[in-house]
1. What figure, in Å² to the nearest 10, do you get for the accessible area of Asp241 with a 1.4 Å probe and non-protein molecules left out?
2. Divide by every residue of the chain the summed helix terms, -39500 (n - 2.57) for each DSSP H run of at least 4, and state the resulting mean residue ellipticity at 222 nm, rounded to the nearest 500 deg cm²/dmol.
3. Run down the lysines and flag those whose C-alpha is under 22 Å from the C-alpha of Lys24, throwing out any fewer than 8 positions away in its chain.
4. Pick from His168, His182, His197: which residue has the top mean-square fluctuation in a GNM of the chain where Cα pairs under 10 Å get a spring?
5. Using the membrane-span-like helix rule (whole DSSP H runs, Cα extent along the own axis of at least 15 Å, mean Kyte-Doolittle hydropathy at least 0.0), which helices of the chain qualify?
6. On a straight-distance basis, which lysines could pair with Lys127 in a cross-link, Cα separation under 29 angstrom, same-chain partners fewer than 8 positions away excluded?
Amino acid sequence: MRADGKKVKNVDPMYLIAPYIMNKRVDSMNMTTIDIPHEPIQKYINKKRKEGINISHMALIIAAYVKTMSQYPELNRFVVNKRVYQRNEIAVGMVVLQSLESHEGTMSKMYFNENDDIFAVNDKINKYVAENREAPENNGTEKIMKFLLSVPGLLPVGVSILKFLDRHGLLPKAIIDMSPFHMSFGITNLASIRTNHIYHHCYEFGTTSVFLAMGNTREVAKRKGGEIVFEKCIPIGVTMDERICSGSYFATAFRALKKYLANPELLEAQKEMEEKILETV
């Protein structure tokens, strides 16, 4: 048994066979773009700002995805050594630039609970960013890299050993916690550097099954009342490992994600209120 997940039993035969046919994550990557209407998000951010609470676009996206994962747990699965696992934690990887002017950044992980509301998610993100900007040398990822580079010839041997241990479920939890390649999903906000969204790769090493990449806002054409109008949207490039669940499962989950972001109040509502609001959407 792995330290970060439990092997899934009673898997559909298709998902038992798929890892043998597509034995690399790069073979099984599907991509899509989710256009998130900007207006509801910005209205919510402005409303909270008047209340003295600063919430970022990134926090809303992450909170909505965490909430979606709590309802669609197969999103938090991964494949290693041709076996499907259910992850026992919600770990999110994100690069933090050392400063707004710097091109250098560091990457580690944040941990969330499926019951975290938008305020808890926002606080965890702010703490994560502050810690990685103030003392990047304390980042576990940086420590691993420095260790592997400390002795000539250690890097290829060390990486090979880590891959072997990971493949056979023997990688210690302490290493998994420091690894930026073992996460529920990765996310990057390319709009922060004025860049369009991309389809980010899911790493072959590790357990990353989904990567989200936000980009510059864009105008998206939609039909409304018999007319074609243009709606300002935040595009999110999504890369998925199709071996963890079906395409229809992904599609249903992403529809739920869009509902949360169209009604950000859902991210702070109790379950009973959330269900009532969703019924009207």
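1. 0
2. -12000 deg cm²/dmol
3. Partners found: Lys6, Lys7, Lys9, Lys82, Lys163.
4. Maximum fluctuation in the GNM of the chain, among the listed residues, is at His168.
5. Numbers: long enough: 38-50 (18 Å, -2.13); 57-71 (22 Å, 0.85); 118-134 (24 Å, -0.64); 154-167 (19 Å, 1.16); 247-262 (22 Å, 0.22).
Flagged H segments are 57-71, 154-167, 247-262.
6. Lys43, Lys47, Lys48, Lys50, Lys67, Lys109, Lys143, Lys146, Lys173, Lys258, Lys259, Lys271
The values are calculated or read from the model by the stated rules, or taken from the named source; none is laboratory data. It should be emphasised that the depicted structure is a prediction, and the values quoted were computed from it without experimental measurement. Heads up: the accessible areas ignore ligands, DNA and RNA and are worked out on the full protein's heavy atoms, side chains in. Shrake-Rupley method; radii C 1.70, N 1.55, O 1.52, S 1.80 Å.
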